[in-house]
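Heads up: the structure comes next, in structure tokens.
The values are calculated or read from the model by the stated rules, or taken from the named source; none is laboratory data. Because the structure is predicted, anything quoted here is derived from the model rather than measured. Every residue, glycine as well, gets a Cβ built from its backbone with ideal geometry; the counts of neighbours run over all protein chains shown. SASA here: full protein model, heavy atoms, side chains in, ligands and nucleic acids out. Shrake-Rupley method; radii C 1.70, N 1.55, O 1.52, S 1.80 Å.
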Amino acid sequence: MRSSECNHHHCGRRRFATRTAPISKPTDGAIHVDVQLQIASVQTDVQVNGDTATVDTDQGAASTALSNTEIQQMPDDPDDFLRQLQILAAAAGGDPSAATIMVNGFRNGSALPPKSSISAIRVNPDMFSSEYRWPPFGGGAVEIITRPGADSFHGALFFTHSDGSFNATDPFSVTATPASKRRYGFELTGPIMRQKSSFALALEKRDINEFNVVNAVTLDADGNQMPFLQTVSAPQRLWIASARGDWQVTPKDLATLSFSSNVNNLGNQGVGGLVLPEAGYNSLINEYDLRFSNTFTASANLLHETRIGYTWKRTQQTPLSTAAALQVAGYFVGGGATSQNLNDRERDLEIDHDVMLTHGKHTFKFGAQSLAFFLHDYDPDTFNGAYVFGGGRAPVLDANHNPTGGTTTISGIEQYRRALFDLPGGNPTTYQLTSGNPLVPLIQWRMAFFLQDTIKLTPHFSVDAGLRYTFITNPANFSGFAPRLGFAWALDKKETWVAHLRLGIFSNAPDSLSYVTEVHRLDGVRQHQATVYSLGYTDPLTPIPGSIEVSTIKQFPSSLAPRSTFVGYFNLEHDFPHHWHARANLFWGEDWNSLRIKNINAPLVLDSIGVPPDPTADLLAPRPIVPGENIFQYQNSRHLAGNVISFNLDQHSFKRFGLSFYYRRLNFKSNVVGTGLNSPQSTYSDLGESGRVEWSRNNYYTFTGNVVLPWKFELATQFDAGDGSHYGLTTGTDNNRDGNFNDRPSYASAPGPGVYSTPYGLLTVNTVNGNVPRILGTMPGPIHLDMNLTRAFKLNPKNTDHPRTLTFNARSANLLNHTNVTAVGTVVSSPNVTEPISAEAARRIELGASFSF
């Protein structure tokens, strides 16, 4: 017997627990049974209306609701699990690392809950709904709902092991890297008071022994260049724990209280690629989340949901060296880590209230979302000092190391060699030292109000209209209005063809905590940051002829506009026979008023090509505001525009196999590098700044599938591949003396000093404000093939109420052992320019067993 019928697309977030009742056959043939059903799970969107023929309006770009089987086939390891979810979220067109993970409706990001505690996952819901703040290509979203405790006691014990002998060696390592991983823990769930309350507990420990590989170029004792290849152990000890309690206060009122903790000890972080072992640090990261939610079903047409969350976070870093940081552009990074004894504490308070109301053809959803951050940011960045050797103009030396009177252009490592041996031209490019109070206390509030109305005009046509308003404090901004509009219609009576059209404005006040703390830190009062050019290496703060000191401050302008994004989306989907389902999606949009940081007091240095810049003369050039000071200001000058075309094909109805195929093509252009805030090469020109976006892989493919094999084995796989991300080339030094080491080279017509041969032609570092575009190269494309082979044995198959199951599995990550490059050399004077210098982990194989009861 089923308690009710509801629309397939809308009732997935509010289900009733199954109940049984004894029935005795009466003499008159009539049977009357009273069964009180309880809510089994709590989520945030509910369609109380029970019409069975309606258009699916809850559909976003490549929106995917993972089935329980699909969830169980995903990796158990939280890191691998997160990576696969991020790849799915990137179907909306964004950077996978920017995907937003929401657990049980809470907007504040948190660590993933244990996979076994998850009852539902929805990837990229209708991001055009006014309850969401980010546009789809802002990274996408993953909504995770955890399950309540069971009405009888159940639990599990699990252990997985990945031995070093199973795993492949890092592609850049010259020695074996016997990486290993152990994961073990338990889960327990059951009733506290039957039919009234329940609990769920989980505890997991992970011991990971990975390796970071240094792939740099340094100097030997005689000053000769030599490759520096070293494999460095990077141990990780991770604890994950969670507890949840559910209480059916009344038949209409369900309360949930949960607590989770993540404690991570990480060794030798920051090491690898060009970063030497001495420049790393050990890290301790703690996060604790206490969350309460209450769902009150006032009537068949009215639902209230309240969420209150409080989070404690702490990040501590212990440097492996307290020496001054040392960067030789394009060759190596050594010395001590610039972060030194970082100790950041953060307290977050989230309070949300949503209301869903159905009335006639209307389904209203409205609410308020608030999130407060209380920071105690202790960050002694560059308090240990930091040298940069970027190369540039230097005297020509004879065989006895004496100046000949001529000048030439040298690389950063030649400049460093001369500094070590006290030779002319061995002055570091810069030395930066910060002093003052490293502590920044900060409070920021973010508030949002939203209203969404879904109007079902006919059984085959509906309209979605919404409005969102956002404001923020510190920096204050109160102009974040964002209207949304959408249409959905079935093109035939059987609804095998469905189309969606979405239009929306996404308005987000500037709310990144990192740059807010930077403005408070470097305001010229709390901390003083001095950058000395052309200094003495052994005594950097003692003035020498030609050295110049410049101070640095950061600021907001008198007013900041909210970041605004217009996005349009058109979707056409079709159900083929035998439940094959296809979707074609088109996004287009534009981003404006986003933040970019610019030195508004940079020296007025003329552009040039072919002549080595003169650091002293350029630093003495006039500045528009005050002499001797870099003033970095956050401005609304960033833009992003482009489109996403994607295609999905799914089949999940066959008994023995299921599959999902996804393809997307991105075409974005922006005037910043990556997803962060960046400065233009020149304060006074944007020439060459607009180009491809770093994370925007032009073509990307994803295939997931599962098949039931003979003897009850099950095989699940995920394959993804695509074009590589983009990168730009730099000179490695601050040619125009604006305080940013992001200067680009220029094209050259003939070889000579300071001219280097690259796959993109001859490039010269003898230039101010180079003419090479911001984005020039494309890294090798990634290929991932992950597989999981499982066999479950039911130990008491006749007992369906208390089953006992023993499950064995073998899982692989990067089974093809493909070199998935994460970084290439980008300094044109470096021997590794355009060459890969670091990559993701090589093939990993893991064996596991679990016992559930």
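Quick notes on this one:
- Legend: residues K554, K361, sorted from most to least accessible area (1.4 Å probe; ligands, DNA and RNA excluded), read K361, K554.
- Per residue Cα convex hull volume in Å³ - calculated over the stretch 713-853: 148 Å³
- For the chain, the relative contact order is 9 percent, taking Cα pairs closer than 8 Å that sit 6 or more residues apart in sequence and dividing their mean separation by the residue count.
- For R791 and A465, a Förster radius of 30 Å and the Cβ-Cβ distance give a FRET efficiency of 0.05, rounded to the nearest 0.05.
- Phi-based couplings in Hz for the stretch 165-175 (Karplus 6.51, -1.76, 1.60; Gly and Pro marked x): 5, 7, 9, 7, 7, 3, x, 9, 8, 8, 10
- 5 Å-binned pair-distance histogram of the stretch 473-603 (Cα, whole percent): 2, 8, 12, 11, 10, 9, 8, 7, 7, 6, 5, 4, 4, 3, 2, 1, 0
- Isotropically averaged projected area of the stretch 362-403, using the convex hull of Cα atoms (one quarter of hull area), nm²: 9.4 nm²
- Per-q log10 I(q)/I(0), the chain, q = 0.05, 0.07 Å⁻¹ (Debye; single scatterer per alpha-carbon; no solvent): -0.31, -0.61
- Separation of alpha-carbon centers, the stretch 272-315 and the stretch 561-604, rounded to whole Å: 27 Å
- Whole-angstrom gap from the stretch 621-680 to the stretch 701-771, using each part's C-alpha centre: 15 Å
- Paired Rg and Dmax values of the stretch 645-727, which use every Cα atom, in angstrom: 20.0, 70
- Fully extended contour minus Cα-Cα distance, from A323 to D492, at 0.36 nm per residue: 53.7 nm
- For the stretch 767-810, the Rg and Dmax computed from alpha carbons only, in angstrom: 27.2, 79
- Residue-normalised convex hull volume from the C-alpha trace of the stretch 86-242: 169 Å³ per residue.
- Remark: the stretch 225-241, residue by residue, has Karplus-estimated 3J(HN,Hα) of 5, 8, x, 10, 10, 8, 9, 10, 5, 10, x, 9, 10, 10, 10, 10, 9 Hz, where x stands for each Gly or Pro and the curve is 6.51 cos²θ - 1.76 cosθ + 1.60 at θ = phi - 60°.
- When nucleic acids and ligands are ignored and a 1.4 Å probe is applied, M193 ends up with an accessible area of around 110 Å².
- Hits among lysines - C-alpha to C-alpha of K798 under 18 Å, sequence gap 8 or more where chains match: K712
- Taking a quarter of the surface of the Cα convex hull of the stretch 426-531 gives a mean projected area of 12.5 nm².
- Label positions at S97 and H154, each projected 7 Å from the Cα along the C-beta direction, are separated by 3.8 nm.
- Fraction of accessible area attributable to carbon and sulfur, the chain (%, probe 1.4 Å): 60 percent
- Calculated P(r) tail over 20 Å for the stretch 396-454, as whole % of Cα pairs: 57 percent
- Multiplying the residue separation of W592 and H376 by 0.36 nm and subtracting their alpha-carbon distance yields 74.6 nm.
- Label point 7 Å beyond Cα of A300 along Cβ direction - residues of the stretch 343-362 with amide nitrogen under 15 Å: 358-361
- Binned Cα-Cα distance frequencies in the stretch 288-437 - 10 Å width, integer %: 10, 22, 16, 14, 12, 11, 9, 5, 2, 0
- In this calculation the C-beta distance from V174 to F703 is compared with R0 = 30 Å, giving a FRET efficiency of 0.30.
- Per residue value of the accessible surface for the chain (all protein chains in place, 1.4 Å probe), Å²: 43 Å²
- Counting only heavy atoms of the protein chains and using a 1.4 Å probe, R843 has close to 70 Å² of accessible surface.
- Its Cα gyration tensor gives the stretch 141-232 an equivalent ellipsoid, and the semi-axes of that ellipsoid, as √(5λ) in whole Å with the largest first, are 50, 15, 10.
- Once the mean of 1/r is taken over each pair of separate Cα atoms and inverted, the stretch 247-352 shows a Kirkwood hydrodynamic radius of 17.2 Å.
- Shape of the stretch 61-169, Cα gyration tensor, a/c cut at 1.5: oblate
- For the stretch 492-549, the relative contact order is 19 percent, taking Cα pairs closer than 8 Å that sit 6 or more residues apart in sequence and dividing their mean separation by the residue count.
- A Stokes-Einstein calculation at 25 °C with viscosity 0.890 mPa s, built on the Kirkwood radius of the stretch 544-684 over Cα pairs, returns a diffusion coefficient of 124 µm²/s.
- The residues packed around L442, meaning those with a beta-carbon under 10 Å from its beta-carbon, carry a net charge of -1 if Lys and Arg are +1 and Asp and Glu are -1.
- Extension gain for the segment F481 to A243, taken as residue separation times 0.36 nm less the Cα-Cα distance, is 81.9 nm to one decimal.
- Cross-link pairs exceeding 21 Å between alpha carbons, from the set K365/K493; K456/K494; K456/K493; K252/K365: K365/K493.
- FRET efficiency for S558 and I455, using Cβ-Cβ distance with R0 set to 51 Å, rounded to 0.05: 0.75
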